[in-house]
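All of the numbers you see were taken from the coordinates with simple rules; none came from a lab. Being a predicted model, the structure only gives us computed values, none of them experimental. Neighbour counts run over all protein chains shown; Cβ positions are idealised from the backbone, glycine included.
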Amino acid sequence: ELLVVTTAKERNDGFDRFVSYARRFKYNLKVLGLDDQWSSDLDVEVKLEDGLRVELYKNVLERHKYSGNLVVLFVKNSDTVITQSSDKLLEQFVKMKADVVFSSDKSCLPSSDLAEYYPTVKVNEKRYLSSASFIGYASSLYSMMSSLVYNAKGVDDQTYFTNVFLNDREKYNIVLDSRSSIFQNLNDDQDDVSINFDSSYTYLYNDLTGTSPIIIHGNGPIRAGLNSLTNYVPDQWTISRGCLHCLVDTRSLDGIEVPAYPQIYMAIFIEKPMYFVEDFFLRVSKLTYPKERIDLYIHYLDVMHAKNAEKFVAEHGNNFKSVQVQSDSEVATYKAKIYAFEQCMKMNCEYFFSLDAEAHIEKLDLIEMLIERNRSLVAPMLVRPGKMWANFMGTSTTDGHFKKSDDFTTLVLRERKGLWNVPYLTSAFLLQARHLPSISRIEFKEGDNIDAVFCLEMRKRFIFMYVDNFEYYGHLVNSDDFDATANHLNSDLYAIFSNAYTWEKKYVHPDYFPLLNQTVEDYQSPCPDVFWFPIVTEKFCDELVGEMEHFGDWSSGKNEDNRLETGYENVPTVDIHTNQIGWEDHWLQFLKNYIVPLNQRAFEGYFSEGRALMNFVVRYRPDEQDRLRPHADSSTFTVNIALNTPGVDYQGGGVRMLRYECSVTELKKGWMLMHPGKLTHHHEGLPVTAGTRYIMVSFVDPTP
Ligand SMILES: O=C(O)CCC(=O)C(=O)O
Ligand SMILES: [Fe+2]
């Protein structure tokens, strides 16, 4: 018969984990410190000093001192887990032929001065006693703890039991579990153990001693190491069955009417100048969670994002239960999170949903899913597309720094799916509001790394932070190279290198992609050897025109042009070159990635280098330059993108191919004409009779 005794000051996720494992393996459990009724009301606060622990232990034993066969196991709970059945545990205990067995450690505590008094051990065995966990017959433990020599009052349990062991180990038949047959302390030993995967079982293995320890303890700095272990052990995640712990203790929203949906406080933080904030908000607006159940808070640091927030509130604010927008000048960044926590509590929220503007949510029912996970804190895994950069870190080292855990890549690639207990996460998370009274007491200081301090405080409080990678939820935008000094109107245009994925979603025409699976016969061709492709979105057109007008330095349309090496332009237009707005490399990247593949399909046998020296936006209007006389371009082929709409934005316009007597006048915004630059394709720009016409032209693979 086995009784497990543990002490607890308060209920937290570590304690709950301990209890749930103990239950799973059907242990008989007694919790001291809390009310004896640990399963019902756990909110009792009991002061529990270390010295008192021994007293409490003794009181329990007093009741069982005559139960001859009763074996009692003492453990600390929040950073301990039981990983095998009580039968296994008893079997190991009996094998050791001792009355009391203590866990062992590599370091000698409370003082290394005591080291020489310990019996020696074999290589790979641990020599010193750890009071973290021990097991023994009730009667033996009772007499051991009754020995008056070591007065328990005021002495911590490590000192107390060390003294007992060093002086009276023979008298009480005490041994140390030096080979970790039962107990594994992770402090100092983390590198000795590994996780073993049998297809449907996952367990801990000590590589030095060849044992599979049953009670695992990881306190202090190694706490995060224990948490990562319990992502797998015991059978938490297995090769054949996946994430098993993910399936328990969940919550379902099925059958709940919208008015009864949990109330959410959603706090959006834009704490630096960022790319794609408009798209971020667009994605927020599409989330399916009923907005009448969301109190919305938006905080931004840089004034450039005021207009993003205002636009979102103007368009969607009314759908939310309430809306509040604050800038850094009202509440400083380092105070904004606490402010939001407090507001959440005031409004009786059930959940706090924190969302940074770098987190682009693509899974529309994300909030519902996170609620159903039913964890204290859970974040959707978000990754910078194509990069090994995610919104979490795998594990922390003993010196408290974070590193990518061994499984980081596996998790990022979603080769293993589940809920992963991690020491550090950012960008987006759902937090159960029951934790807010404690969390809102965190004091951030100016200059703090808010995420780092927040996660540290969560770890201290034993509030587990889970990253969820069951599904693809969205991605992270990278604003590291954002140049806030550049005076761009539409900075996103410049993010093609840092955020290729987000850029493509925003700017590349959705009908472009099927073209890559088609051949020249399928392509639209309004004139001989002139091809016509959907290439960019209307957003692209508007923003590029906007950026050019914002820059404003249009050329004169005269032959003299000091932007060119020769200083002379044969067929001048009123235009602005991409290099004048610092966007040439970006355009060339677009040319290479998206246009060259089409050229290869349209003009079989020609392989473009994707080179271009002349890339510019042309402006035609009746009172300025209204047309372009017949000419050839200095290109192998030319691309010509319509940036606005004939009949709406202007009258007239279009291109005419003289040799074929063929005109294209029904231009489509976002569509591109592609044609050879010379010889056969002598061409002209037709007069614009009203309004303004904009086109983006590029002379590809230049010829003299
Ligand atoms: O107006 C047009 O679409 C023709 C423009 C053109 O041919 C050029 O800029 O070289
Ligand atoms: Fe031309």
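For R611, the shell of other residues with beta-carbons less than 11 Å away shows a net charge of -1, using +1 for Lys and Arg and -1 for Asp and Glu.
Once both labels are positioned 7 Å from their Cα atoms along Cα-to-Cβ, the gap between N593 and V303 label points is 3.3 nm. Mean separation of Cα pairs under 8 Å and 6+ residues apart, divided by the residue count of segment 259-332: what relative contact order is that in percent? 37 percent.
The overall shape of segment 262-476 is rounded: from the C-alpha gyration tensor, with semi-axes ordered a ≥ b ≥ c, the ratio a/c is less than 1.5.
If each residue's Cβ is checked for other Cβ atoms within 10 Å, how do S322, S130, S178 rank with the fewest at the top?
Working: S322 12, S130 25, S178 20.
Final ranking by Cβ density, sparse to dense: S322, S178, S130.
At 222 nm, what helix-only mean residue ellipticity would the chain give, in deg cm²/dmol to the nearest 500, using -39500 (n - 2.57) for each DSSP H run of four or more? Before the final figure, lay out the partial values.
Details: 18 runs with 168 residues, N = 704.
For the chain, the value works out to -7000 deg cm²/dmol.
When the GluC sites (Glu not before Pro) in segment 216-312 are filtered for DSSP coil states and for at most 11 other beta-carbon atoms within 10 Å of their beta-carbon, the remaining sites are E257. Bridge orientation summary for the chain: considering DSSP beta bridges with both residues in this region, about 65 percent are antiparallel. Ranking of S525, S103, S200, S139 by neighbouring Cβ atoms within 10 Å, starting from the fewest: S200, S525, S139, S103. Against the chain, whose longest principal axis is taken from its Cα atoms, helix 13-24 shows a tilt of about 70°. Label positions at E62 and R621, each projected 7 Å from the Cα along the C-beta direction, are separated by 9.5 nm. Structural descriptor for the chain: relative contact order 9 percent, calculated from alpha carbon pairs under 8 angstrom and at least 6 residues apart.
Taking the DSSP bridge list for segment 262-476 and keeping only pairs wholly inside it, about 45 percent are antiparallel.
Between helix 306-316 and the chain there is an angle of about 90 degrees, using the helix long axis and the longest principal axis of the Cα atoms. Axis of helix 277-286 versus longest Cα principal axis of the chain: the two differ by about 70°, to the nearest ten degrees. With R₀ fixed at 25 Å, the C-beta to C-beta distance from E362 to D511 puts the FRET efficiency at about 0.80.
Cysteine residues of the chain whose C-beta has no other cysteine C-beta under 4.7 angstrom: C108, C455, C541. Per residue, the Cα convex hull of segment 491-702 amounts to 116 Å³. Within the straight-line cut-off of under 18 Å between alpha carbons, the aspartates and glutamates reachable from K346 are E292, D295, sequence neighbours fewer than 8 places apart in one chain being disregarded.
Could you give the Stokes-Einstein D for the chain in µm² per second, using the C-alpha Kirkwood radius, 37 °C, 0.692 mPa s? Show your work: numbers first, answer last.
Numbers: Rh = 30.2 Å.
After rounding, the answer is 109 µm²/s.
If R0 is 51 Å, what FRET efficiency do you get for E91 and K417 from their C-beta distance, rounded to 0.05?
Numbers: r = 35 Å, r/R0 = 0.68.
Plugging the Cβ-Cβ distance into 1/(1 + (r/R0)^6) gives 0.90.
Net charge in the neighbourhood of V75 (other residues with Cβ under 14 Å of its Cβ; Lys, Arg +1, Asp, Glu -1) is +1.
In what sequence do L2, L598 fall when counting other Cβ within 10 Å, fewest first? Walk me through the numbers before you get to the answer.
Values: L2 17, L598 22.
Lowest to highest Cβ neighbour count: L2, L598.
In terms of its C-alpha gyration tensor, segment 543-657 comes out rounded, because the ratio a/c of the largest to the smallest axis stays below 1.5. If both residues of a DSSP beta bridge must be in segment 112-253, then about 75% of such bridges are antiparallel. Counting Lys and Arg as +1 and Asp and Glu as -1 over every other residue whose Cβ lies under 9 Å from the Cβ of Y473, the net charge comes to -2.
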